[in-house]
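To start, the structure under review is shown below, and the notes come after it.
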Amino acid sequence: MVIQSPLRCKALLSLLLLVITSNLLLYQSQFGLSVLQHNINGAVLGSLIDLTIIAPLLVFFLIKKRHIKHLLIVIPLGLIVARLLIPVQYLGSFGRVTEIGLGIEILLILFEFFLIAKLLKNTPRIFSSASKHVLPFLASFDYEIKRSGGRNPIVHILFSELLMFYYAFFFWRKTPTYTENQFTIYRKSSLIPFRIMMIHAIVIETLGIHWWLHEKSVMLSVILLLLNVYSLFFFIGDLQAIRFNPVHIGKDNIYLSLGLMRRMKVPLHTIVRVIEEKEQLKKKVTKETIEFIARDFEKVYPNLVLELDVPVQATLFLGIKKNYKRVAIKVDNIIEFKEMLKENISEKNS
């Protein structure tokens, strides 16, 4: 789901805000209440048209890659908003219409959960197939999810959480091995000691502050405990994901990842320029640039930046998708990496 250009987006959002605000004032201000006294049914009918037709259409046109299913979702949502916005005493005979919207929305949600449950049933097969692939696990994992039909944003969030626990619990006794076309990004940095320090800090904080806060507020202490435990698992899983998912140069694509936080497949034919000049590499990073750099205490710059002819999609935290046109990379063995990258790009473009 991609939003339209900034100017169009602002215009549609302004109209949407106007529709919502005007209807809110109609039922929540003295002026609006005075208007309602003259023609309640007409005002309510107008609000229903605004909230179930006009507002959903504005939301629908905000979406660039539109699909009819988006309209089927926003119209019932509009009915629910109308039910919440319009006081019950004014709805009268229109009340059943809003109940229908609520019923449709519940059915859609149940259907979405059915699809998610069906996909989650295939989780063992997805993990098994991804682990047997020649590509790094994270790259093949995304491929297996797509092949299984996992395009729902909720699915991506759920599988992102499963990945965290997978790396946190199942890689303790394993040692990463790398082929000649795979390159690490963490060995010449203080990333691992830094992450270990963070893990120790979380454990100490959990043991210390939890008991102190428990006497003040049991609920807050439990919430803090759960957040700290989640953070602990995340740091461990993210660290393991960095170790076991090196940069992989293939014949057609380069596969990049920085733990669980970001990963990306860059087709070699989209690379139009490899920037290596130090002055260029030290420039401020733009919004259209994604970084695959193991950062710690010191200021670190990339070894090179890939400039692409078209934006390429990356997967970020919780499965969020975003497009980038420049890719900043810092690998440990930069000389061999450059040689192999340029050789594969030349073969692809020849």
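Side notes on the structure shown:
- Checked against the criteria, His248 does not count as farther than 23 Å from Val331 by Cβ and either surrounded by 13 or more Cβ atoms within 10 Å (Cβ to Cβ) or charged (D, E, K, R) (or both).
- Residues within segment 298-311 that are outside any loop (DSSP other than H, G, I, E, B) and surrounded by fewer than 19 Cβ atoms within 10 Å (Cβ to Cβ), tallied: 4
- Only listed residue being modelled with pLDDT under 80, surrounded by 12 or more Cβ atoms within 10 Å (Cβ to Cβ), assigned to a helix (DSSP H, G or I) and out of contact with any Leu (no Cβ under 9 Å at 6 or more places or on another chain), chosen from Leu72, Leu18, Leu25: Leu25
- Residues satisfying the stated conditions in segment 314-350, i.e. basic (Lys, Arg) and assigned to a helix (DSSP H, G or I): Lys338, Lys342, Lys348
- Against the test of being touching a Leu at 6+ places or on another chain (Cβ under 8 Å) and open to solvent by 80 Å² or more (accessible area, probe 1.4 Å), the options Arg263, Arg273 yield a single qualifying residue, Arg273.
- Pair list, Cβ < 7 Å and 6+ apart or interchain, from segment 179-193 residues that are aliphatic (A, V, I, L, M) to residues that are modelled with pLDDT of 85 or more and in a strand (DSSP E or B): Ile185/Val247; Ile185/Phe292
- Here is the figure for segment 322-350: residues that are open to solvent by 70 Å² or more (accessible area, probe 1.4 Å) and of a type in the set (Lys, Arg) total 4.
- Filter result for the condition that a residue is in contact with a Leu (Cβ under 9 Å, 6 or more places away or on another chain) and among the aromatic types (Phe, Trp, Tyr), over Tyr230, Tyr255: Tyr255
- Restricting segment 136-166 to residues that are at pLDDT below 80 and over 17 Å from the mean Cα position of the chain (by Cα), the residue that is surrounded by the most Cβ atoms within 10 Å (Cβ to Cβ): Glu144
The values are calculated or read from the model by the stated rules, or taken from the named source; none is laboratory data. Remember, predicted model here, so these are calculated numbers, not experimental data. As a convention, Cβ positions derive from the backbone with ideal geometry for all residues, glycine included, and neighbour counts pool all protein chains shown. Calculation scope for accessible area: heavy atoms of the full protein, side chains included, ligands and nucleic acids excluded. Shrake-Rupley method; radii C 1.70, N 1.55, O 1.52, S 1.80 Å.
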